[in-house]
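Here the structure is laid out as structure tokens; the discussion comes afterwards.
The values are calculated or read from the model by the stated rules, or taken from the named source; none is laboratory data. Keep in mind it's a predicted model, so treat the numbers as computed, not measured. In this analysis, Cβ positions are derived from the backbone assuming ideal geometry, glycine residues included, and neighbour counts consider all displayed protein chains. Just so you know, the surface numbers come from the protein's heavy atoms only, side chains and all, with ligands and any DNA or RNA stripped out. Shrake-Rupley method; radii C 1.70, N 1.55, O 1.52, S 1.80 Å.
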Amino acid sequence: FGPSFNKFKEALISGSDFSIITARSNPPQAIREGIKVLINLSLTDDERKDMESNLNGITIDEYLNLQDYHPVSSQEFADRFGLETIGTNPEEGKKIAFKSFVDRVVQQISKIKDDDGFEGISVGFSDDDLGNVVVVEDLIRDELKSLYPNINFIIYDTSDPKDTKKKRIVIKK
């Protein structure tokens, strides 16, 4: 498993929204099915029960169907975002996919943000390619932080698996 696997596992167990953004060209459905296998093989019985409890009445399959799977070098990605070419610029694709994910989560959160139990939102991004980390960090600083000033953005630079770097991006208004 990759350096951010435990954070991903934590997100699954808590029923958090996630997006898989990869430079690969696998079909989105294959990625979704891979995560289902991962859930079945890597979660303990207790972790799976916690996950099911945290899903508040929806099934794991329904939960997985609500998530985003963005293989940015795939034809499906190009079609979804109206791109003329595929796979020529993975950094740009990851930028598009990350912004799409943040927009989706913010839209969902807007329905509950006034509830007493709402404690805010944190959105993370993990990548093992420093170029992708820099591109997404720039996107957050240049665009997303001004659009969504109350989101806590966290970036994990996993380019060196033995020295994973976590960056909190905090930009004052």
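Once segment 16-38 is narrowed to residues that are under 10 Å from the mean Cα position of the chain (by Cα) and of a type outside the set (S, T, N, Q), the residue that is nearest to residue 121 (Cα to Cα) is 17. Which ones in segment 122-164 are without any contact (Cβ under 8 Å) to a residue 40 or more places away in the chain and among the β-branched types (Val, Ile, Thr)? Answer for segment 122-164, where residues must be without any contact (Cβ under 8 Å) to a residue 40 or more places away in the chain and among the β-branched types (Val, Ile, Thr): 123, 133, 134, 140, 154, 155. Just one of the listed residues (127, 157) is surrounded by 17 or more Cβ atoms within 10 Å (Cβ to Cβ), of a type in the set (Asp, Glu), within 17 Å of the chain's Cα centre (by Cα) and within 20 Å of residue 68 (Cβ to Cβ), namely 127. Taking residues in segment 48-61 that are modelled with pLDDT of 95 or more, and partners anywhere that are surrounded by 15 or more Cβ atoms within 10 Å (Cβ to Cβ) and among the acidic types (Asp, Glu), the pairs with Cβ atoms closer than 9 Å and at least 6 places apart or on different chains are 59/52; 60/52. Is there a residue in segment 41-55 that is of a type in the set (Val, Ile, Thr) and either closer than 18 Å to residue 127 by Cβ or crowded, with 16+ Cβ neighbours inside 10 Å (or both)? Checked against the condition, which is being of a type in the set (Val, Ile, Thr) and either closer than 18 Å to residue 127 by Cβ or crowded, with 16+ Cβ neighbours inside 10 Å (or both), segment 41-55 yields no hits at all.
Hey, does segment 58-67 have a residue that's surrounded by 16 or more Cβ atoms within 10 Å (Cβ to Cβ) and of a type outside the set (A, V, I, L, M, F, W, C)? Spell out the reasoning first.
Here is the first cut: in segment 58-67, the ones surrounded by 16 or more Cβ atoms within 10 Å (Cβ to Cβ) are 60, 63-64, 67.
So of that shortlist, the ones also of a type outside the set (A, V, I, L, M, F, W, C) come out as 63, 67.
For segment 58-67, residues surrounded by 16 or more Cβ atoms within 10 Å (Cβ to Cβ) and of a type outside the set (A, V, I, L, M, F, W, C): present.
Only one entry of 37, 72 meets the criterion of being on the phi < 0 side of the Ramachandran plot and open to solvent by less than 30 Å² (accessible area, probe 1.4 Å), and that entry is 72.
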